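The values are calculated or read from the model by the stated rules, or taken from the named source; none is laboratory data. The structure presented is a predicted model; accordingly, all values stated were derived computationally and were not measured. Note that each Cβ is placed from the backbone with ideal geometry, even for glycine, and that neighbours are counted across all protein chains shown.
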Amino acid sequence: MMNDNQKPIIIAIDGPAASGKGSLAKKLAKELNYDFLDTGALYRRVALNILDNGDDINDESIAVRASLDFNENLDVKTLEDERLRSDTIGSAASVVAQFGKVRQALIDFQRNFGAKASLGAVLDGRDIGTVICPNAQIKLFITATAEKRAKRRHKELQSRGINATYGDVLAEMQERDERDSVRLNPHLEPDHQVNIIDTSDMTPNEVMNVALDIINNRS
Ligand code: CDP
């Protein structure tokens with residue numbers, strides 16, 4: 001793709017849990033040789049730091065302090081901690097992510113990540129196309145029915161040897177969707193340039209091909 005004005009190309013990918021946005025984002029970044037940022041890991045890390053301190057995840061002032069501390073001493077290596085990947089931390093992340101000041105503390109890092117990319121950057125999250133990078137050249141909204149997403153997450157947990165019933169996974173997902181619903185809405189998109197991809201009946205390869213078509217046909 002031509003990078004006409006020397007600015008890195010930003011691909012913003014938003015969508016609910018287990019929609020396939022994370023694996024798509026990673027694959028696109030690899031294919032295009034772009035930098036990749038899983039912004040959910042930032043919220044997960046703030047949540048994990050709070051829990052590691054034995055603090056209350058629902059306490060706004062604690063969450064704000066934790067996000068400011070995290071931002072000040074940000075070390076991207078701490079985002080690779082395997083403990084970040086559990087559903088418990090996913091849920092805890094969605095609790096701290098509700099606090100406006102926590103979101104505010106994490107904005108600059110996300111924006112700078114895109115701005116300092118050499119070729120381009122793929123960022124995935126919940127508000128990338130709407131708040132973080134409203135001028136992103138490509139915006140994708142990856143979604144699927146709650147049942148399909150719960151099925152995928154359940155299968156993934158089983159393959160990692162984690163015991164959970166499908167019903168529990170679905171309930172947890174619906175609860176998280178509810179908390180995230182305020183910001184997770186493609187219609188909040190300022191310029192209506194978002195491409196919605198419903199992956200309910202698609203394989204990961206099909207999703208990748210649709211996304212590449214959108215990117216290659218960018219006007
Ligand atoms: O991969 P999955 O969708 O399960 O989770 P994630 O993307 O790591 O996000 C975990 C939680 O962090 C979400 O449920 C959101 O509440 C929050 N989050 C957010 O508010 N904004 C983002 N840009 C990314 C995540």
Given Leu37, Leu79, which one is outside any helix (DSSP H, G or I), within 19 Å of Val122 (Cα to Cα) and within 13 Å of the ligand (Cβ to nearest atom)?
Leu37
Just wondering, is there one or more residues in segment 100-123 that are β-branched (Val, Ile, Thr), in a helix (DSSP H, G or I), under 13 Å from Arg45 (Cα atoms) and near the ligand (Cβ under 10 Å from one of its atoms)?
yes
Look at Gly161 and say whether it is among the small types (Gly, Ala, Ser), more than 13 Å from the ligand (Cβ to nearest atom), modelled with pLDDT of 85 or more and at positive phi.
yes
Just a yes or no: is a residue in segment 52-73 within 13 Å of the chain's Cα centre (by Cα) and among the aromatic types (Phe, Trp, Tyr)?
no
Is it fair to say Ser91 is within 14 Å of the ligand (Cβ to nearest atom), of a type in the set (Gly, Ala, Ser), within 14 Å of the chain's Cα centre (by Cα) and assigned to a helix (DSSP H, G or I)?
yes
Does Glu60 satisfy being more than 17 Å from Gly125 (Cα to Cα), loosely packed, with under 14 Cβ neighbours inside 10 Å and more than 13 Å from the ligand (Cβ to nearest atom)?
no
Does Ser67 count as of a type in the set (S, T, N, Q) and within 10 Å of the ligand (Cβ to nearest atom)?
no
Can you tell me which residue in segment 6-20 is farthest from Lys155 (Cα to Cα), limited to those that are in contact with a Leu (Cβ under 8 Å, 6 or more places away or on another chain) and surrounded by 19 or more Cβ atoms within 10 Å (Cβ to Cβ)?
Ile9
In the set Asp87, Asp69, Asp124, which member is without any contact (Cβ under 8 Å) to a residue 60 or more places away in the chain and not β-branched (Val, Ile, Thr)?
Asp69
